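Accompanying notes for the structure given below.
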Amino acid sequence: MTFRPRFLYVDDEPTLLSAFERVFRREGVEVVTTGDPRKALELLAEGGFHVVASDYQMPEMDGLAFLERATEIEPDLPKILITGHADFDTAVSAINRARVYRFITKPWKPRDELERINRDLEHRVHDRTKNVLDGLVLALDYRDTETQWHSRRVSEYAGHLAGTLGIEDDARADVEWGALLHDVGKIGIPDHILLKPGPLTEDEWVTMRKHPKLGYDLLKDIDFLREAALIVAHHHERFDGAGYPVGRVGEDIVIGARIFAVIDTFDAMTSDRPYRKALPYEAAFEEIQRVSGTQLDPHVVEAWCAVPQEEWRRIREEIGGADYHKRIVPPLTLAKAA
């Protein structure tokens, strides 16, 4: 989904309101303008804005007083004060009293400021989306109590293996996100199927095999998760074409999903299940090498085997430990509060 910010702009000069609205709307921003600060406060109370900006010099209520009142209504909303008087005391008051996050002096270039503001807002939306997804993953892992911490382990494993394969920066982050969210589509699978203790019937398998497509549909319109969504869509495909939901073969499966397949196989075998204890790492290595070229991409398997077993043990021990839990709890708390 493409983020489209919604601005509230307050200024007692009608010509400046018109110019602001014209320039920003041309750049794809939804703008609401008013020359009355009290009307602006009423609009703000209705909600739905991403940024509020105000001129400083206004006759009935100056911009600093307005933004201070705006802070009482929307404490966390980014606020901008625009003034032709760039004195230090005004700037300090704006920051301390009204929690202004940007202080702009006239003359200013709307397009330059818009680019900076959009960049900041997109970062905020990105972070909030990550927090919500983080909470969703934790909920899914706790819903299926057999696999708690599984999603986080495979994400860490997959990122490490992607680095071994020479995948860097954003592409590596895509692999980590795809692995973390691989089972997000299971949110649409009924509990009586997902949590069934015995074998699934054929009809139940038809429902279960829908979860990669369900997950893809959930994520595909989020800009920074488009590549990760493909990993989610392909994560049950097999290198030899015997997987689902499409039966993709070889490199027709995205590299992130081929990385995930190796990692997921490893984690499944080295984790306790109600019907068996975790297998030794040596047994997992033997089995992964055995299915190389059929179930798994042999090039990825080769890279995985090149990583010392101690490294995989280290990652596993970190996931779910006290320090790791402290790292993820704050974002989840923020997501809940939001």
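FYI, it's all coordinate maths here, none of it is from the lab. Everything numeric in this text was worked out from a predicted model, so none of it was measured. Quick reminder, even Gly has a Cβ in these numbers, built from the backbone with ideal geometry, and neighbours come from all protein chains shown.
Taking Lys and Arg as +1 and Asp and Glu as -1, the other residues whose beta-carbon sits under 13 Å from that of Ala229 total -2. 3J(HN,Hα) couplings calculated from phi for the range 155-160 with the Karplus curve 6.51 cos²θ - 1.76 cosθ + 1.60 (θ = phi - 60°) are, in sequence order, 5, 5, 4, 5, x, 5 Hz; Gly and Pro show x.
Of the listed pairs Lys196/Lys220; Lys39/Lys79; Lys210/Lys277, which have alpha-carbon separations greater than 21 Å here? Lys196/Lys220; Lys210/Lys277, as the Cα separations exceed 21 Å there. Report the calculated FRET efficiency for Arg25 and Asp191 (r = Cβ-Cβ distance, R0 = 45 Å), to the nearest 0.05. Calculated transfer efficiency: 0.45.
Each label was represented as a point 7 Å from its Cα along the Cα-to-Cβ direction; for Arg226 and Asp36 these points are 4.4 nm apart.
Spacing of the modelled spin labels on Glu60 and Arg6, each 7 Å from Cα toward Cβ, amounts to 2.4 nm. Each peptide among 223-232, 259-268 gets the average number of other Cβ atoms lying within 10 Å of its residues, and from highest to lowest they stand as 259-268, 223-232. Under 10 Å from the Cβ of Val154, count the other residues' Cβ atoms, weight Lys and Arg +1, Asp and Glu -1, and hand me the total. Net charge in that neighbourhood comes out at -3. Annotation: peptides 181-190, 309-318, 24-33, ranked by per-residue average of other Cβ atoms within 10 Å with the highest first, follow the order 181-190, 24-33, 309-318.
For the pair Glu286 and Asp203 in one chain, pulling the backbone fully straight at 0.36 nm per residue adds 26.5 nm over the alpha carbon distance. Ranked by the mean number of other Cβ atoms within 10 Å per residue, highest first, peptides 236-247, 155-166 order as 155-166, 236-247. Label positions at Lys277 and Val307, each projected 7 Å from the Cα along the C-beta direction, are separated by 2.6 nm.
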